[in-house]
1. Per DSSP H run of n ≥ 4, the term is -39500 (n - 2.57); total these for chain B, divide by its residue number, and report the mean residue ellipticity at 222 nm rounded to 500 deg cm²/dmol.
2. Starting from the Cα coordinates of the protein assembly as shown, work out the convex hull volume and express it per residue in Å³.
3. Against the empirical 2.2 N^0.38 Å scaling, what ratio does the C-alpha Rg of region B:487-554 come to?
4. Cβ neighbours within 10 Å, averaged per peptide: list A:116-124, A:100-108, A:148-156 in order, most packed at the top.
5. What nm distance separates the two modelled labels at residue A:126 and residue A:204, each placed 7 Å from Cα along Cα→Cβ?
6. If I model a spin label as a point 7 Å beyond the Cα along the Cα-Cβ vector, how far apart are those points for residue B:327 and residue B:642 in nm?
7. Starting from the 7 Å offset along Cα-to-Cβ, what nm value, one decimal, do you get for the label separation of residue A:160 and residue B:399?
8. Rounded to two decimals, what ratio of Rg to Rh does region B:1-86 give with C-alpha atoms and a Kirkwood Rh?
Ligand code: HEM
Ligand SMILES: [Cu+2]
């Protein structure tokens, strides 16, 4: 299609807005993948914001059930938060290790991330189980509905993340640091960090604000 | 073992759905047997079902939409007949059956006709217009399509196994809550939208990334064809709005399955929250549908006027303005629910503001036509028909956006007329225009013009005869969704509307005839040039149908209307072509991932609807296994050697040279 080899600029830029920066063509695969995954993460955040909104609407609808301040345990939440923030760090280490193709540090970073994620999930699961045992399950009141859904939705994401993490370790084990494996690793890291950010939102909106009232 | 599923799920006492379902089943079986006996199965499997080629996937989307259009259309015919005869009588449909029909009709038309049609056209055309080889994530693209197909399959399954929702196409609670809708109807509704919604989101992410990151050399933002711009806007809306639908339906499902209290009447649930959430998705949704249609009209109007699009930049601006504003007006869907005058006034004004960029667009199309050399080929007919119709629909839209007027017109036949006016006159006309316009590109032969024009005129006339009476009936106070009524003044209008429906159906038959006739005469209608309409954008720069890799080289774009420029300059400079240096091309390999994914999604969806928990787990494991198997592939690309590229491209170049010299003669 090189038919238009010599075209004056007056033609190329009919509106005379000045210099046209020529678009270089399709972006490299790594950029495209990361970009697409970012767009997905944005859409996921929109989904979370619906649950945040629902929580904000329903937080005072306790239907004579317990309020937030009566059921939240700050100590557990603090441990959960520390676990998750640390796991973001170790996940970052694993990413760097993958970039420099160091298997040992990669496995170590991923394993620690996995353990921290599992601790987080275990604490959350225990919190939920205790509440249900005390009769404060999600169908007790609209407030508890919103609470369980918002926190549980994040928990489901973490569980999916753990599954993905294990798959990534297996992939590196079986295939090494191939280009497509590295692209997936990059997406996984983005995902894991995004979950961290969302947790900061959950932590502030649900637990910090909630224990005040 | 089988959850709620038993023999009572099959409606033996209702002949209509059973017979309809039976006929469809026999039809599908017949086609399947024919395919297997004739030995077409391997071809179908390798060339279509597992294909990750954006053109093939686009075609399959459109095929799905067309089939579902017939299904949704039969529902429409049944409703029009019912309302024509149900004056002081029960009509021929039992009430709860009528309720299922209007719910299924709305759901199908929006989610399984309009959506797949526009997504199919975008898939088919956008990579070609951008001058690239495929979308950003080809395998994901196939997953998206097959998940949409799963949703459609589940909806149709409800016809024979169980029932569909009786709640209207948006399943408002508390009617859709377990206490008022204990059957599986709402579950069918919610799970099919949930699954196909994931497919839509995937398509949206894919197309956004494609437009933003994969344009060919020199294709700056302000050189993209208008259709690419509206695709971008529409898919940005998908990415921003569909997660809201997912979340809302998830909440409804949690209420129904686990006794949560998001939208219930008791324990502090909040029904208004559903209204806000669903319309925060729903209003953008109508622009998700209509923006691509605007893009199609822009392409069609400029091509058939032989002129560049008037006011290209204002068109871009208007598109992006609509994209943003459409998120700020959702509340106009419940003016009547007591938000108070201030809130209503603000949202009323915001709603009317959208009319401004839309008006800009209409004027731009008119000015493009003004002074142009207009050819009234079928796509152009649809475009002109659209402009007339959409202006009426837009005006009635502004009318219902006035809160006091809306207190009268809300939930009336007037509203029904309004949104059909914009959706049929806008989205469906756009889809048909695009279908006629790009058909030669997809299949290599043109469609028969005579049948096409007849299809247009019958549909156009039928549309007005059907929906103008509904405006009148609405003014006379008729509310929507009536199973039967006792008001004598409404009767004549319902009868006229039913006649209109018959005319409309003739239009549909003409369209089918057009396909049949064109396929039969395909040799005579063959498009050898790749450019049957004397087009202006890059999709016309390759052969029809394009080779898998679309372009042997990434075209080099130097201005708006990329291909038009190339043609003009090729003429002026009468370039002697030296033989280009071809290179190997890497293309993504076919993959059954999408199909397998959809298979498990169908199993899981069906099991969830009927509470068959072991089957849900099975489906889940299957889906995860598919994911891992896909991730385990070693070779996801194959190479087309340069020699083969050259052989394919040489033919195309020859045709194009003869075309250029032909154009030079004019
Ligand atoms: C000029 C622009 C438009 C304005 C001001 C407008 C305004 C409105 C308003 C205020 C309603 C709610 C009325 C009520 O419930 O009482 C409505 C309903 C509706 N509109 Fe529009 N509209 C416009 C364009 C469109 C377009 C372009 C589409 C589709 C492509 C569309 C599709 C619909 C649908 C489907 C409904 C009915 C929803 C339902 O309640 O079932 N509108 N419109
Ligand atoms: Cu609206």
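1. Values: 22 runs with 434 residues, N = 666.
Calculated mean residue ellipticity at 222 nm is -22500 deg cm²/dmol.
2. Values: hull volume 158.3 nm³, N = 879.
Considering the Cα atoms of the protein assembly as shown, their hull volume per residue is 180 Å³.
3. Rg over 2.2 N^0.38 Å, computed on Cα atoms: 1.95.
4. A:148-156, A:116-124, A:100-108
5. 2.8 nm
6. 4.8 nm
7. So the label points at residue A:160 and residue B:399 sit 4.5 nm apart.
8. Reported Rg/Rh (Cα atoms, Kirkwood Rh): 1.10.
Each value in this text was obtained by applying a stated rule to the coordinates, not by laboratory testing. None of these values were measured; they are calculated from a predicted model. Methodologically, a virtual Cβ is constructed for each residue, glycine included, from the backbone with ideal geometry; neighbour enumeration extends over all protein chains shown.
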